[in-house]
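See structure below.
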Amino acid sequence: IQIFSNNQEIEHALQRVEALERFEHIFLPTLPEFSPMDCADADIIILDVPLDGIPVDLRKFCASVQVRIVYCDRTGGSELEDTGLLDQFDAVWCEPLSEARLRFNFQRLLEQIHQRKDLWMARNLLDTTIDSVPDLIWYKDVKGAHLKVNEGFCRTVGKTKEECRNRGHYYIWDIEPDEYAQGEFVCLESEHTVMKAKKTCVFDEKIKGLDGTMLQFKTYKSPILDEDGALIGTMGIAHDVTDWKNQTAELNIILNSLSSPSL
């Protein structure tokens, strides 16, 4: 954390704020004069300096792309709105900058950073997990648009994650909209079953592949609920059992031929 101010009381107040769980914060020595070059190593920059010395491209001097920049406004906002710098700041702390207000604002800033880091970690863990699984995994909203898919899904449908995002079944699997509306080989019935039951259901489903061949899947579908228990979507995991089904059918043919009496 780098503070630019000729008032040491800002650092003294902020140092009384405890670090959040699994985090720590370190204060670099407070500098009375601002220089963009002194921003390079900071994750949080607190500016208690005149506006005319702050460049509009301040972020290019910072090594961290996630740097948070705070401005301590002692002008009542009148000068700040005319400088074009507002977009550079993640927060503006206004007077009176009492110790209680400084600590309150700093606590909220740390909580925002903590939440952003937790969100990034959750997304990273989810992506790593589902992309390590060879099965098809997807998340849909209640209208059937794919919100997220894994690499296994992309390999099967021959499309990227970006191409699948917010698109429906007929686009992803390259079928005609009227064929999709008929509901054959497109999993519409199982989707409705899961949304109605609001619990995980298991299905044996056939899907028409990109080359027109029929694929056999063992699918596990679950509802996605919001904080109030309202349905907001579904997720599914599909295990391709096409080869196993084909081998079983071939084996049954062989067994039946062996058991038939010869004439």
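Observations on the structure shown:
- Counting the residues of segment 222-263 that are part of a loop (DSSP other than H, G, I, E, B) and modelled with pLDDT under 90 gives 4.
- Considering only residues in segment 1-29 that are touching a helix residue (DSSP H, G or I) at 6+ places or on another chain (Cβ under 7 Å) and open to solvent by less than 20 Å² (accessible area, probe 1.4 Å), the one that is nearest to A100 (Cα to Cα) turns out to be A13.
This table checks each residue for (1) closer than 30 Å to R165 by Cβ; (2) among the hydroxyl-bearing types (S, T, Y); (3) open to solvent by 20 Å² or more (accessible area, probe 1.4 Å).
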| residue | (1), (2), (3) |
| --- | --- |
| G53 | no, no, yes |
| S98 | no, yes, yes |
| N105 | no, no, yes |
| E111 | yes, no, yes |
| D118 | yes, no, yes |
| P134 | yes, no, yes |
| K143 | yes, no, yes |
| E151 | yes, no, yes |
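- Scanning segment 207-221 for residues that are over 14 Å from L136 (Cα atoms) and in contact with a helix residue (DSSP H, G or I) (Cβ under 9 Å, 6 or more places away or on another chain), we see that the one that is modelled with the highest pLDDT is M214.
- One residue stands out in segment 30-41 among those that are under 34 Å from the mean Cα position of the chain (by Cα) and among the charged types (D, E, K, R): the one that is most open to solvent (accessible area, probe 1.4 Å), namely D41.
- Among the residues of segment 61-82, those identified as within 17 Å of P36 (Cα to Cα) and of a type outside the set (K, R) are F61, C62, A63, S64, V65, Q66, V67, I69, V70, Y71, C72.
- Qualifying positions in segment 55-75 - open to solvent by 60 Å² or more (accessible area, probe 1.4 Å) and either closer than 18 Å to S5 by Cα or in contact with a Phe, Trp or Tyr (Cβ under 6 Å, 6 or more places away or on another chain) (or both): R74
- Residues in segment 181-202 that are modelled with pLDDT of 85 or more, at negative phi and open to solvent by 40 Å² or more (accessible area, probe 1.4 Å): H192, T193, M195, K196, A197, K199, T200, V202.
The values are calculated or read from the model by the stated rules, or taken from the named source; none is laboratory data. This is a predicted model, so every value here is computed, not measured. Glycine also receives a Cβ, built like all others from the backbone with ideal geometry; neighbour counts cover every protein chain displayed. In case anyone asks, the SASA skips ligands and DNA or RNA and just uses the protein heavy atoms, side chains included. Shrake-Rupley method; radii C 1.70, N 1.55, O 1.52, S 1.80 Å.
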